[in-house]
1. Above 25 Å lies some portion of the pair distances; for the chain, what is it as a whole percent of all C-alpha pairs?
2. Report the label-to-label distance for ARG136 and ILE66 in nanometres (one decimal), using points 7 Å from each Cα along the Cα→Cβ vector.
3. Stretched out fully, how many nm does the piece from ALA77 to MET1 gain, at 0.36 nm a residue minus the Cα gap?
4. Round to the nearest 0.05 the FRET efficiency obtained for ASP31 and ILE95 when R0 = 35 Å and r is the Cβ-Cβ distance.
Amino acid sequence: MIRQYEDKDLNTLLDVWYSASQVAHPFLNEDFLAQERRAIAEVYLPNAETWVFELEGVVAGFISLIGNEVGGIFVDANHHSRGIGRALMDHARSIRDGLELDVFKDNRIGRRFYEKYGFIQVDEYRHEETGFMQLRLKLSC
C-alpha cells in the first residue's frame, strides 16, 4: 500500500534509508551518512512530498518529491526486487510530469533500476560534499 508520509514514520523511514544506503552507497563514509540522516529529518522531509510503501503494516520503502525532482527513493535492503521501487516510481509518475533525479555514478543498483525504468543521463558532475561523480537523469518518456 502506498500512502502519504506521516510524522510517526520518521524513525522507520530513516532506518529504511540507512539500510538501502549501505547497499547502494558503500563508498560513502559514516560521517557523511550521519550528516545526511540529520538533514533528511530536519531539512528534506519537511520540504518534500513523501510517499511510503507499507508492507504488512511496516514502511518498506519511500519516495520523496520536490516538484518533479525525485529527491530520493529508497527500499529497505530486505525488500529489494519485490517491485516496491517500481510501484513508488509509478506513483510519482502518476502525479508528476517529467521526473528528474541525481544518482551517484558508483551506485550500480540505483543506476540499473533507473535505466530499466526509462531514465536517461543528461549531465554528469562532481558532488561537492563527497567528491564522487553524480549523474543527472531524466525520465525519457
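No lab work stands behind these numbers, since they all come straight from the coordinates. Just so you know, these numbers come straight off a predicted model, no measurement behind them. Note: ideal-geometry Cβ built from the backbone for every residue, glycine included; neighbour counts use all protein chains shown.
1. 20 percent
2. According to this spin-label approximation, the distance is 1.4 nm.
3. 25.6 nm
4. On the way: r = 35 Å, r/R0 = 1.00.
The calculated FRET efficiency here is 0.50.
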